[in-house]
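I have placed the structure first, in the form of structure tokens, so that the comments after it can refer back to it.
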Amino acid sequence: MLKVTDLKRQFQSGDTIVNAVNGIDLTIPDGQFVSIIGQSGSGKTSLLSLLGALDKPSSGSIEVDGRDITKMNGGELNQYRAKTIGFVFQSYNLVPNLTALENVMLPMEFLGKPKRDRIERAKNLLHEVGLNDGEVLRKPGSLSGGQQQRVAIARALANHPKYILADEPTGNLDSQTGKKIFNLLHDLSLKEKTTIIVVTHDLAIAGKTNKSFRIKDGRVVNSTDRSKT
Amino acid sequence: MNWFSRGIRSAFRNATRTFALVIILGLSISLALSMLIAHQAVTQKINNVKSSVDNTISIYPAGLRGFTGGGNPLTSAQLLEVSKTTDVTSVAETLSDRMTSSETNLQSPISAGVLGRRFARKVGGLGGVFGNYGGQSFTLPVIVNGTNDPTNLSAFSHTGGGGTFTLQSGTVFNSNSNANVALLGSSIASKNNLKVGSTFTAYSTTITVAGIFSTGNRFGDSQVIMPLQTVQRLTGQTNQITSAVAYVNSVSNVATVTAAIKKELGSAADVTNSIAQAQSIVSALQNIQTISLYSLIGAVIVGAIIILMTMIMIVRERRREIGVIKAIGSSNIRIVGQFMAEAVTLTLVGAIIGITFGVIASKPITQMLVSSSNSSSSSSSRSSLAGSGSGGNFAAHHFSGGHGIFTRVKHDISSVHAVVNFSIVVDGLVAAIFIALIGSAVAAYFIAKIRPAEVMRVE
Ligand SMILES: Nc1ncnc2c1ncn2[C@@H]1O[C@H](COP(=O)(O)OP(=O)(O)OP(=O)(O)O)[C@@H](O)[C@H]1O
Ligand SMILES: [Mg+2]
């Protein structure tokens, strides 16, 4: 379970202080597919960065299964990022000089998994997201946007994370490809029993999730629960 | 694939840049290496020269230049006083002469050579020795050294060419002999078909060959050594001396004894010791040592700056990639390790190129440093540089340079030899790796500052 309490993140921008996250409280039970929606600049990315420990909050707490990640040290944070979280970014963010396979193997290396296991797991994941044997050995530069995002999803799932955090994962893709990618994310997370938190502008996508949080000016202004209906 | 092999692979990510970088790095490393080698060679030479400082003092009639120049010969009486000077253990006295074809039936084994003739023409007017110097054929005079210390070639190296006296056959005459005997160098002996017991004519007198010796150099093997008193008698120069070497009981007393002898002989003689000679060489060498040291430091700094700037550039360029790797759970250390592997790879490739260039370039560079410094240093240091080829060498020994000082000391700047040994190469590699690690340590600072949250931004 993920429990966020009075989370705040301020940015100093020149003379003005921006309250990107301004007192968010939310609870996400395990195995849920959750969407975060809101206007541009409302604080969605800032919130996701805090949840994934890519950024430190100004105040508040983020409890993951009872542990407050805002109080973790550097080594614990690395472990948390590698093991508990899988990130899917809008702009794919694959390492350009590594092949698709090597990109997927990378997070497993951080946990010290043996090479044989890494290769096997990476190959399986890449096949599952729909890459063939030739594509697996290609570098991101020669793959299409949709293929790159598939590799990114495989990489996010590599270490069997508890949470997938995806910031507008379909934002750079045409709507048809976006839909496929979203379905892939959905299907795989069901299979891997992963909790997914996805930031999206696409209300059609948000409508398919169990729960939606609408954010405005760094606060949750509305939450819609569809799991009961 | 782990961070290490990723680092090595990253080094060749941008082929053009890697090529340019490795070439520039290689040049700075090769410069550093050749300067290191030059510096070592010169340092070695300085130590050699310093350790060669001996307990001898050279005494020449004032103004004498080999066989040329004016000045009155020294007398036995003057040298008797020298031998009585405190701390002087012995004095080797020499009366040198050149026998022309009218004075002896001996023929010099040395052919004149082009350079020899030119030198002869230059100086011929001074002594008028070479009556026929302009013509196609003239005979070189035979050098005869009358000495009271026949086996001590260094006592008359300025006319005899130095070397080490090795008796091949016969016997050596006594130091105070007055007999009509001679020791012949092996070259002149074979040229004239003479053996121990043979005779030849000199100064209208029949001289018996008492022994035949070799010196290790062609010039020395062409001379005749006779008892001092015999030469004095035959040339009508009784009690006259053209050079002497005083031996002092200890090197530490050489300076004071030199001063005492100078005072004793006054303006009649030029008195020099190997300390002064060594000092002039050492000061010239020290210039080279300084130049090579600064160039070495400069080249190392340039190399370090190049790798430092490159690493900073690479880190800035891969800012996003570093952020991503952090975001998916890598420790800073692992990323820094990858960049260090990359820096070391680049530097090692540069070092291999640099060491190859450096080893090839070190000898000519050392030689260039030495010869440029040489020509700007005192002219006397050129004595043993002048001339090559037998004839030229002959003339050079005789007609240029002051007293052949540097042939006697057996050191001159031009004989600095660059030696490339394996340990220098290893040192160079270690230094290159060290520089690379420092370069990547700075990169590590920038790596640590990159916030993983940055990767959330859409480009
Ligand atoms: N590093 C930063 N420095 C200063 N201000 C920032 C920084 N990051 C975000 N902000 C500000 O915080 C606010 C929230 O930004 P955030 O990126 O979280 O919005 P968002 O909801 O993700 O918007 P979008 O839908 O456009 O991606 C914005 O006003 C933004 O300008
Ligand atoms: Mg955003």
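The values are calculated or read from the model by the stated rules, or taken from the named source; none is laboratory data. Everything numeric here is computed off the predicted structure, so don't read it as measured data. So basically every Cβ, Gly included, is an ideal-geometry build from the backbone, and we count neighbours across all protein chains shown. These area figures cover heavy atoms from the full protein model, side chains too; ligands, DNA and RNA do not enter into them. Shrake-Rupley method; radii C 1.70, N 1.55, O 1.52, S 1.80 Å.
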Taking only C-alpha pairs under 8 Å that are 6+ residues apart, what is the relative contact order of the stretch A:2-225 in percent? 30
Just counting partner chain Cβ atoms within 10 Å, what average do the residues of peptide A:162-169 show around their Cβ? 1
Need one value: the accessible area of residue A:117 in square angstrom, 1.4 angstrom probe, rounded to the nearest 10. 80
With all protein chains present, calculate the accessible area of residue B:427 using a 1.4 Å probe and round the result to the nearest 10 Å². 80
Using Cα atoms only, what is the angle between the long axis of helix A:100-110 and the major principal axis of chain A, expressed in degrees (0 to 90) to the nearest 10? 60
Can you order the peptides B:233-239, B:2-8 by their average number of other Cβ atoms within 10 Å per residue, highest first? B:2-8, B:233-239
Residue-ordered couplings for the stretch A:216-224, obtained by feeding phi - 60° into the Karplus form 6.51 cos²θ - 1.76 cosθ + 1.60 and rounding to whole Hz (Gly and Pro as x), are 9, 6, x, 10, 7, 9, 7, 9, 10
What average count of beta carbons from other chains do you get within 10 Å of the Cβ of residues in B:6-13? 2
Determine the alpha carbon to alpha carbon distance for each of A:44/A:139; A:71/B:326; A:44/A:211 and list only those over 20 Å. A:44/A:139
Overall form of the stretch A:107-229 per C-alpha gyration tensor (a/c, 1.5; a/b vs b/c): prolate
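Rounded if a/c is under 1.5, else prolate if a/b beats b/c, else oblate: with a ≥ b ≥ c from the C-alpha gyration tensor eigenvalues square-rooted, which is the protein assembly as shown?
Prolate, because a/c is 1.5 or more and a/b exceeds b/c.
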Considering only DSSP beta bridges where both residues belong to the stretch B:136-292, give the percentage that are antiparallel (nearest 5). 55
Segments A:16-24, B:215-223 sorted - mean Cβ within 10 Å per residue, highest first: B:215-223, A:16-24
Nearest 10 degrees, 0 to 90: what angle lies between the long axis of helix A:115-128 and the longest principal axis of chain A (Cα atoms)? 80
Rel. contact order, % - alpha carbon contacts under 8 angstrom, at least six apart, the stretch B:181-277: 24
Bins of 10 Å, starting at 0 and running to the largest distance - Cα pair percent for the stretch B:221-280: 18, 37, 30, 15
The correct ranking of B:203, B:60, B:445 by accessible area at 1.4 Å, largest first, is B:445, B:203, B:60
HN-Hα J in Hz across the stretch A:181-191 - Karplus 6.51, -1.76, 1.60, θ = phi - 60°, x for Gly and Pro: 5, 5, 4, 4, 4, 4, 4, 5, 5, 5, 5
Tell me, Kirkwood radius of chain A from alpha-carbon pair distances, in Å? 18.0
Name the shape class, rounded, prolate or oblate, that the alpha-carbon gyration tensor gives for the stretch B:240-312, where a ≥ b ≥ c are the square roots of its eigenvalues, rounded holds for a/c under 1.5, and otherwise prolate holds if a/b is larger than b/c and oblate otherwise. prolate
Considering chain A as a Gaussian network with a 10 Å cut-off on Cα pairs, which listed residue, A:145, A:14, A:207, attains the greatest mean-square fluctuation? A:14
Could you list which residues have their amide H under 5 Å from that of residue A:199, counting only those 5 or more apart in sequence or on another chain, with H placed in the peptide plane? A:36, A:166, A:167, A:168
